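K.L.:
Sharing a structure with you now.
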Amino acid sequence: MQSQVLLAGDIHLGKRPLHLPRDIDQYGVSPVELTPAEGWLRLVRFAVEQSVAAVVLTGDVVEEDHHRLEAFGHLQRGVLELVQNGIEVYSVVGNHDVEALEEVTQRIPAFHLVGQGGKWEWVTLSHQSEPIMNILGWSFPKQGIPLSPLEQELPLPPDEKLPRFGILHDLDTPDSVYAPAPHRRLEDIELDGWFIGHKHKPSQLGSDSLIGYLGPLVGLDPSETGLHGPWVLEIDDLGQFSIKQISLGPLRWEELPVAVEKLRGKSDLKDVLRDSMASLHKRLLPQLKGVKAVGCRIKLVGPRELHREVAQRLNPLDLEDLKPRFDEILYFVEGIIDDSRLSLDLERIAQASDPPGLLARQLLALVNQEEDARQLIGEARHRLKKEAASSAWSQLEEIQFTEDQVRELLLQAGFHALKELLGQIEPGNREDVRSWN
């Protein structure tokens, strides 16, 4: 007998995607159709149609505790439909929904929280009354947990010779306040895999590795590019298993590189961008089942001497009505990135002793991830965390400021400053990232 378990990462019910066009409903797509609530509804329908054994969630099911009134209705309807069709629902608590999920499980007993109170717990999943797998889970007892849950003693696994998986909501960063759990330590625990929530970039789960992030059902902003959707874990009678991600999200974000050479001298830049979107659609089509809209962030690439000429002509406001449809899927331009940094000869510029030379040497250290870059990243990270702790930002979702994120921010700012110093763009005319949504 082949059994299926449906896995999903951060759903964030109650939240809506950012940077959608203000007039998107005039093009036949309602913003409501692109929300995590729609993604959850699609997951429920798929689970019922496929008669899966169980649905397993890895936390942050609800966006914030103050969104739980809005989110509760969506969650309750979905869970009840699953249970009525013989599908059990299991979840760990994430940092966003500590109070909300506690309330949900009190009102909906069929919604099982695993590892409540910050204590590891084993549960056995069954299909048609036959046990198929064991899962080990840990839930947030409160929002901020600076200690790793891996410091606790793990309970002994059940006796059944079944596949064993862990579910957790964590961050693979040692100094995180969100239950840091280094993934190298997870590898040492004798489980068949770990399915993790928190980060919104899905890992490449498969035969090579079964430790990683599931990602959200719907990309919530343009940085969350690529395929999003639940994962199907298939288990046979012999305990052999496989996993694959499926496209159920109604919204997809993509970065669309466009060569400036193609745009130079063209009287209508929209034609070039429309053709680029058509090529993107053709490439993505196998992964676009159920997708209603694709948001594109245009990335200008190519010789730097052409960038300023093209960037001055490519006004985002002129592209607001560029919303072509391909196979009934709406495409729109979210913003423009002028990424001419790759064409700068950093090594040549770094040989000088002037300010551009000094900046180029720092950028080279960041690009090559040299030892000198660690101090730059550390200082920037400290300042960013200090600023983020200000009461002015208390209502916004907390940013983790990982080393990779800070490095990328420094690269973006540094290359822009270098172009200004070199006179490639006029000071104050900051057109490297432009968006109108």
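K.L.:
Mind counting the residues in the stretch 21-34 that are part of a loop (DSSP other than H, G, I, E, B), at pLDDT 95 or above and either among the aliphatic types (A, V, I, L, M) or buried (at least 21 other Cβ atoms within 10 Å of the Cβ) (or both)?
P.N.:
Total satisfying the criteria: 1.
K.L.:
Same structure again: Which of the strands (runs of 3 or more DSSP E) found entirely inside the stretch 193-258 contain at least 2 residues meeting this: surrounded by 24 or more Cβ atoms within 10 Å (Cβ to Cβ) and touching an Asp or Glu at 6+ places or on another chain (Cβ under 8 Å)?
P.N.:
Correct list: 193-197.
Here is a yes/no grid of residues against (1) of a type in the set (D, E, K, R); (2) at pLDDT 90 or above; (3) within 22 Å of the chain's Cα centre (by Cα):
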{"residue": "Val79", "(1), (2), (3)": "no, yes, no"}
{"residue": "Ile87", "(1), (2), (3)": "no, yes, no"}
{"residue": "Leu101", "(1), (2), (3)": "no, no, yes"}
{"residue": "Leu113", "(1), (2), (3)": "no, yes, no"}
{"residue": "Gly117", "(1), (2), (3)": "no, yes, no"}
{"residue": "Trp122", "(1), (2), (3)": "no, yes, no"}
{"residue": "Pro131", "(1), (2), (3)": "no, yes, no"}
{"residue": "Trp138", "(1), (2), (3)": "no, yes, yes"}
{"residue": "Gln143", "(1), (2), (3)": "no, no, yes"}
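K.L.:
Checking Pro155 against (1) in contact (Cβ under 8 Å) with a residue 24 or more places away in the chain; (2) loosely packed, with under 15 Cβ neighbours inside 10 Å; (3) within 26 Å of Val218 (Cβ to Cβ): exactly one of these is not met. Which one?
P.N.:
Of (1) in contact (Cβ under 8 Å) with a residue 24 or more places away in the chain; (2) loosely packed, with under 15 Cβ neighbours inside 10 Å; (3) within 26 Å of Val218 (Cβ to Cβ), only one is false for Pro155: (3).
K.L.:
Let me ask another. Return the residues of the stretch 356-374 that are of a type in the set (Gly, Ala, Ser) and within 19 Å of Thr402 (Cβ to Cβ); say none if nothing qualifies.
P.N.:
Selection gives Ala365, Ala373.
K.L.:
Further, regarding this structure: I'd like to verify a number: residues in the stretch 136-161 that are closer than 15 Å to Trp194 by Cα and aliphatic (A, V, I, L, M), how many?
P.N.:
Number satisfying all stated conditions: 3.
K.L.:
Somewhere in the stretch 262-285, is a residue at pLDDT below 95, in a loop (DSSP other than H, G, I, E, B), in contact with a Pro (Cβ under 8 Å, 6 or more places away or on another chain) and on the phi > 0 side of the Ramachandran plot?
P.N.:
No: zero hits.
K.L.:
I'm trying to understand the selection: among the residues of the stretch 88-102, which are closer than 28 Å to Gln50 by Cβ and either among the charged types (D, E, K, R) or outside the structural domain of Gly215 (by TED's automatic domain parsing) (or both)?
P.N.:
Glu88, Asp97
K.L.:
Of the numbered conditions (1) at pLDDT 70 or above; (2) of a type outside the set (Phe, Trp, Tyr); (3) within 28 Å of Asn368 (Cβ to Cβ), Ala389 fails exactly one; give the number of that condition.
P.N.:
Here Ala389 clears every test but (3).
K.L.:
Taking strands (runs of 3 or more DSSP E) that fall entirely within the stretch 117-182, which contain at least 3 residues that are over 19 Å from Gly59 (Cβ atoms)?
P.N.:
Of the strands (runs of 3 or more DSSP E) lying wholly inside the stretch 117-182, those with at least 3 residues that are over 19 Å from Gly59 (Cβ atoms) span 121-127, 130-137.
K.L.:
Return yes when Val48 is part of a loop (DSSP other than H, G, I, E, B) and either at pLDDT 95 or above or in contact with a Cys (Cβ under 8 Å, 6 or more places away or on another chain) (or both) and no when it is not.
P.N.:
Taking the combined requirement at face value, the residue does not satisfy it.
K.L.:
Here are some conditions: (1) assigned to a helix (DSSP H, G or I); (2) buried (at least 21 other Cβ atoms within 10 Å of the Cβ); (3) modelled with pLDDT under 95. Asp60 meets all but one. Which one does it not meet?
P.N.:
It is condition (1) that Asp60 fails.
The values are calculated or read from the model by the stated rules, or taken from the named source; none is laboratory data. Model, not experiment: these values are computed from the prediction. Cβ coordinates were reconstructed from backbone atoms using ideal geometry, including for glycine residues, and neighbour counts include every protein chain displayed.
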